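A short write-up of the structure that comes next.
The values are calculated or read from the model by the stated rules, or taken from the named source; none is laboratory data. Keep in mind that what you see is a predicted model, and the values were worked out from it rather than measured. We place every Cβ from the backbone using ideal geometry, glycine too, and count neighbours over all the protein chains shown. Accessible surface areas use protein heavy atoms only, side chains included; no ligands, DNA or RNA. Shrake-Rupley method; radii C 1.70, N 1.55, O 1.52, S 1.80 Å.
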Amino acid sequence: MVGEILYALMLVLGVPALLALAVGWIRRFVELLWLLPLRPVIIATTVLALLGIANVFLGIIFRLPSMRPLSFSLAVVAVPFAAVPLSNYIAYRRRGGIDRELAWKDFIFEATRQEQRRNYEAPRSEQ
Amino acid sequence: MNFTIALLAGLVLLLPGIAALVSWNLQGAVHGAKRPELQLTSVTALFVALGTAVVVHVLGYGLVALFWAAALELGTHVTPVGEVIQNPYEMAVALALGGGKPSSGTIEAFLIVIMFECLLAWRLVGSPGLDIAMESSDVRSQGWVFQHIVRPMRHGYTPIAYVLTTASHGDYGIGYEGIVADIRQGENGELKSIGLAEPQRFIYQILTDDPGKPRRKPRLVTHDREWVGGLVALDGSVIRNVVVHSVSNDLVDEVEETPPGEGEAGNCPDVALEPMEPVEAAPPKKTRSRRKAAAPSGDSSATHPMEG
């Protein structure tokens, strides 16, 4: 009886939670893919560093051997959630002459749009 | 595998590509300028759908292989629960080659993997990154609509259109001026319809002669500007021509903040977002046989019509 209730709870709570995690991961992963051509050095460095840190963390806390499928897959799940905001923050700190009014969240996209806007010239009919 | 199942299996494999196409078609509505949706029967759309499906399946296969290897390793640490689920992609290939019977759990896992791949393809096309990467490319083949309406809007400009319609009476016709709210094009890029927000309506006249000034060239003049408001939707069949100006949003905000009466029409000839005071015209000279029209308002915005 208790086992069945637990099984039902696991289905009702676990499945939506897994679904939400998967959807969130897809959003972050796609964002990481599109950020890569805009800031390749920052993104590549951040992702590799976070993979290494995640492997070390899993090895210390859960005693998982590093660079094996289990630790690597857990790192692949966790890294996009951290890499996107961290990359935006690093780019924000290194922003140079870019408008300081931009927030650090989504900084890379917004800064690129701003640069495109600055370089854009309206058609000659603009008054 | 019989033909029916093979057909369904092919559709399922193509599903991420179709999801990408649907996402692309929905993105078009955001720009306010619409072309007909990409049909799956078009060669371009089929190529894009197949290419996207292949890329997403390769990525999906890599991730599934990684997670299945991780699950096997996890099984050495904890007691496995439930039935053994085969790698979905290996199951799909074995089924296609006619070998083995897949379990229901493996089939469910395969369908879940396809569903997540569809989400991935949808998000890949719907991401703001694609807009940024394709910023200067007219990927939807919109032509002048992209250069003069879509792209300026994206970069902080407001497109204001002056539309002369075919509705006419003698030398007079009806025209509209307003912010472009919606514009639709046909399959060949022809203008199907245009919607103007907060429009002004005016009467236009082409003056071909002026007895007082015989050397003066024919010109277009406007009269009786009237603030209509709301939205006017003009079908392509009634549009004679369209002139589009891109005005900076900063200038638009500045004009909107100017109290009525301070901004004369002559000072801002191409920005008409508030009801304009009628321009003082020379008193008409009445004759017995013919009453002449009022002197032109000299609106410079309609002197260079563009074919729509």
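I need the full set of residues from region A:101-123 which are within 16 Å of B:GLU135 (Cα to Cα), touching a helix residue (DSSP H, G or I) at 6+ places or on another chain (Cβ under 8 Å) and assigned to a loop (DSSP other than H, G, I, E, B), in order please. Of everything in region A:101-123, those that are within 16 Å of B:GLU135 (Cα to Cα), touching a helix residue (DSSP H, G or I) at 6+ places or on another chain (Cβ under 8 Å) and assigned to a loop (DSSP other than H, G, I, E, B) turn out to be A:TYR120, A:ALA122, A:PRO123.
Do the conditions hold for A:GLY52, that is, is it out of contact with any Leu (no Cβ under 9 Å at 6 or more places or on another chain), at pLDDT 90 or above and closer than 24 Å to B:LEU74 by Cβ? Yes, satisfied. Restricting B:ALA70, B:ALA92 to those that are touching a helix residue (DSSP H, G or I) at 6+ places or on another chain (Cβ under 7 Å) and either at pLDDT below 85 or more than 14 Å from chain A (Cβ to nearest Cβ) (or both) reduces the list to B:ALA92. Let me spell it out: the conditions are (1) under 22 Å from B:LEU124 (Cα atoms); (2) within 12 Å of chain B (Cβ to nearest Cβ), and A:ARG68 meets all of them except one. Which number is the exception? With (1) under 22 Å from B:LEU124 (Cα atoms); (2) within 12 Å of chain B (Cβ to nearest Cβ) applied to A:ARG68, the lone miss is (1).
Yes or no, residue by residue, for (1) within 12 Å of another protein chain (Cβ to nearest Cβ); (2) in contact with a Cys (Cβ under 7 Å, 6 or more places away or on another chain); (3) part of a helix (DSSP H, G or I):
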site: A:GLY24; (1), (2), (3): yes, no, yes
site: A:ARG28; (1), (2), (3): yes, no, yes
site: A:ILE42; (1), (2), (3): no, no, yes
site: A:ILE53; (1), (2), (3): no, no, yes
site: A:PHE57; (1), (2), (3): no, no, yes
site: A:LEU64; (1), (2), (3): yes, no, no
site: A:PRO85; (1), (2), (3): no, no, yes
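A single member of B:ILE149, B:ILE160 is outside any helix (DSSP H, G or I) and either within 12 Å of the chain's Cα centre (by Cα) or within 30 Å of B:THR222 (Cα to Cα) (or both), and it is B:ILE160. Write out, first by first residue and then by second, each pair whose Cβ atoms fall under 6 Å of each other, whose residues are 6+ apart or on separate chains, and whose first residue, in region B:252-265, is at pLDDT 75 or above while the second is of a type in the set (S, T, N, Q). Short answer, once both residue conditions are applied: B:VAL252/B:THR158. There is no residue in region B:78-98 that is of a type in the set (Asp, Glu) and touching a Lys or Arg at 6+ places or on another chain (Cβ under 8 Å).
Taken over region B:126-147, the criterion of being open to solvent by less than 40 Å² (accessible area, probe 1.4 Å) and either farther than 30 Å from B:ILE194 by Cβ or at the interface with another protein chain (Cβ under 10 Å from one of its Cβ atoms) (or both) is satisfied by B:GLY126, B:SER127, B:GLY129, B:LEU130, B:ILE132, B:GLU135. Entry remark, region A:1-47: residues being open to solvent by 70 Å² or more (accessible area, probe 1.4 Å) and of a type in the set (Val, Ile, Thr) number 6 in total.
Can you name the residue in region B:41-94 that is part of a loop (DSSP other than H, G, I, E, B) and touching a Gly at 6+ places or on another chain (Cβ under 9 Å) and is also surrounded by the fewest Cβ atoms within 10 Å (Cβ to Cβ) among such residues? In this case the residue turns out to be B:GLY82. Whether a residue is closer than 30 Å to A:ARG27 by Cα and open to solvent by 30 Å² or more (accessible area, probe 1.4 Å) was assessed, and B:ASP235 does not pass this test.
Among the conditions (1) outside any strand (DSSP E or B); (2) open to solvent by 70 Å² or more (accessible area, probe 1.4 Å); (3) away from every other protein chain (no Cβ under 14 Å), B:GLU226 misses just one, which is (1). Applying a threshold of 7 Å to beta carbon distances and a minimum spacing of six or more residues, or different chains, the list of pairs starting in region B:81-110 at a residue that is closer than 16 Å to B:ALA71 by Cα and ending at one that is charged (D, E, K, R) reads B:GLY105/B:GLU83. Here B:ARG184, B:ARG151, B:ARG123 are screened, and the one residue that is open to solvent by 50 Å² or more (accessible area, probe 1.4 Å) and either touching a helix residue (DSSP H, G or I) at 6+ places or on another chain (Cβ under 6 Å) or within 14 Å of chain A (Cβ to nearest Cβ) (or both) is B:ARG123.
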